[in-house]
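The values are calculated or read from the model by the stated rules, or taken from the named source; none is laboratory data. Note that this is a predicted model, so its numbers are computed, not measured. Ideal geometry is used to build each Cβ from the backbone, glycine not excepted, and the neighbour counts take in all protein chains shown. Calculation scope for accessible area: heavy atoms of the full protein, side chains included, ligands and nucleic acids excluded. Shrake-Rupley method; radii C 1.70, N 1.55, O 1.52, S 1.80 Å.
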Amino acid sequence: MNIILLGPPGAGKGTQAQRLVERHGMKQLSTGDMLRAAVKAQTPVGLKAKAVMEAGQLVSDEIVSALIGDELDAMPATQGAIFDGYPRTAPQAESLVAILEGRGRKLDHVIELDVDEDALVERITGRYTCATCGKGYHDKFEKPAVEGTCDKCGGHEFKRRPDDNEETVRTRMAEYRAKTAPILPIYEAQGIVSRVDGMADMDDVTAAIEAIIAAD
Ligand code: AMP
């Protein structure tokens, strides 16, 4: 099964993708994570992408589609893929058709997480992770039980994404509205779009996604 999780930044795509990975052994293909890894490793792609990402703009279609193709090539043909943060533009959506066809895969679902933008800004600007194990926290909604100590691994270092500040978040949302939301009709025409209330409790969002998948 191959699924696209669609929604603006902070809608919970990453969290829900991780849950699908745990429950179904699928693989999360997050172009954002791939690009952040490239920036950290200072690869040619990372060097190109860094400033664009920090400004909240979109990295070129060629770069992200190549990353996705490479990741799919490295996966067993039978393992399902969750596209998280890709495709984000009409050209990427077109590339994905060819990428999937070339590998004998097809798209089963596009799940859109519906969210309120102002609430998202609060969600995103408050989020941070444990630098050691990656567990996610939030200044307001999910603090560690003991301040400064990770609940999961006991680590004391935490980090924030450089693009999780309000100005960049607003730009990322504008990019979503202008370039990503318009690709939905392509999938609607194929009858594979489902909408989930992304403002609901995380477990309820997971349950709604599970119901969509189980209906197959
Ligand atoms: P994300 O982690 O999905 O919020 O992505 C973080 C940043 O990486 C975005 O703001 C973009 O700069 C870049 N990025 C991630 N995925 C894509 C994509 N599919 N197309 C273009 N840029 C992307």
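Observations
- Which numbered condition residue 140 misses (of (1) within 24 Å of residue 90 (Cα to Cα); (2) exposed (fewer than 12 other Cβ atoms within 10 Å of the Cβ); (3) in contact with a Gly (Cβ under 8 Å, 6 or more places away or on another chain)): (1)
- Any hit, segment 162-174, residues being in contact (Cβ under 8 Å) with a residue 60 or more places away in the chain, part of a loop (DSSP other than H, G, I, E, B) and not β-branched (Val, Ile, Thr): yes
- Filtered by the rule that a residue be more than 16 Å from the chain's Cα centre (by Cα), surrounded by 14 or more Cβ atoms within 10 Å (Cβ to Cβ) and of a type in the set (Gly, Ala, Ser), segment 56-79 gives 60, 66, 69.
- Those residues of segment 21-62 which are in contact (Cβ under 8 Å) with a residue 24 or more places away in the chain, more than 13 Å from the ligand (Cβ to nearest atom) and not in a strand (DSSP E or B), in sequence order: 21, 23, 24, 25, 26
- Odd one out for residue 156, checked against (1) touching a helix residue (DSSP H, G or I) at 6+ places or on another chain (Cβ under 9 Å); (2) modelled with pLDDT of 95 or more; (3) surrounded by fewer than 16 Cβ atoms within 10 Å (Cβ to Cβ): (1)
- The residues in segment 9-20 that are assigned to a helix (DSSP H, G or I) and under 18 Å from residue 129 (Cβ atoms) can be counted, and the count is 7.
- Among the criteria (1) within 14 Å of the ligand (Cβ to nearest atom); (2) of a type in the set (A, V, I, L, M, F, W, C); (3) farther than 16 Å from residue 36 by Cβ; (4) open to solvent by less than 30 Å² (accessible area, probe 1.4 Å), the one residue 124 does not fulfil is (3).
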